[in-house]
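Contents: one structure, followed by commentary.
The values are calculated or read from the model by the stated rules, or taken from the named source; none is laboratory data. Since we're looking at a predicted model, the values are computed, not measured. Cβ: placed from backbone, ideal geometry, glycine included. Neighbour counts: every protein chain shown.
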Amino acid sequence: MGICKNLNEVRENIDRLDNEIVKLIAERSTYVSQAANFKKTTDDVKAPERVEMIIEKMRGLAKGNNLNPDIIEVVYRNMINAFINMELEEHQNMIKGDKS
């Protein structure tokens, strides 16, 4: 992590990081899809206790990396909610026998 000399360098570094973040989220998505296979009910998919455990863990990681934990909580809650919706859809398709 270096000091940028101009706005263009800042933007290039942000773009580079965004590319990596998207790749990691895509990888995370494949595991979320697999998780639907192991869950029997929609309550298992929603798993509010697990969500809160993840949020607390990520807040701790944020603090350890000098990042405002409120920022990471907003990011993770939104990401997790989107993945829960995706997983609920996949779970419903499995129940219907219409896995696509």
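Annotation for the stretch 63-71: no member residue is among the basic types (Lys, Arg), under 28 Å from His91 (Cβ atoms) and either touching a Phe, Trp or Tyr at 6+ places or on another chain (Cβ under 7 Å) or in a helix (DSSP H, G or I) (or both). Quick check, is Pro48 modelled with pLDDT of 95 or more and within 26 Å of Met1 (Cβ to Cβ)? Against the criterion (modelled with pLDDT of 95 or more and within 26 Å of Met1 (Cβ to Cβ)), Pro48 does not qualify. Taken together, the residues in the stretch 58-75 that are charged (D, E, K, R) and in contact (Cβ under 8 Å) with a residue 12 or more places away in the chain amount to 2. Pairing each residue of the stretch 1-21 that is at negative phi with any residue that is aliphatic (A, V, I, L, M) and surrounded by 10 or more Cβ atoms within 10 Å (Cβ to Cβ), provided the two are 6+ apart or on different chains, yields C-beta distances under 6 Å for Cys4/Val10. Condition check for Ile3 on (1) assigned to a helix (DSSP H, G or I); (2) more than 22 Å from Ile95 (Cβ to Cβ): one failure, at (1).
Exactly one residue out of Met58, Met1, Met94 is modelled with pLDDT under 95 and surrounded by 11 or more Cβ atoms within 10 Å (Cβ to Cβ): that is Met94.
All of Arg50, Arg28, Arg59, Arg77 fail the test of being of a type in the set (Lys, Arg), in a helix (DSSP H, G or I) and in contact with a Phe, Trp or Tyr (Cβ under 8 Å, 6 or more places away or on another chain), apart from Arg28.
Against the list (1) of a type in the set (A, V, I, L, M, F, W, C); (2) modelled with pLDDT of 95 or more; (3) surrounded by 10 or more Cβ atoms within 10 Å (Cβ to Cβ), the condition Leu7 fails is (3).
For the stretch 10-33, a residue qualifies if it is surrounded by 11 or more Cβ atoms within 10 Å (Cβ to Cβ) and either among the hydroxyl-bearing types (Ser, Thr, Tyr) or under 16 Å from Leu88 (Cβ atoms) (or both), and the qualifying residues are Ser29, Val32, Ser33. Cβ-Cβ distances below 6 Å connect the following pairs, each with a first residue in the stretch 37-57 that is of a type in the set (Val, Ile, Thr), a second residue that is surrounded by 11 or more Cβ atoms within 10 Å (Cβ to Cβ) and part of a loop (DSSP other than H, G, I, E, B), and a separation of six or more residues or different chains: Val45/Lys39.
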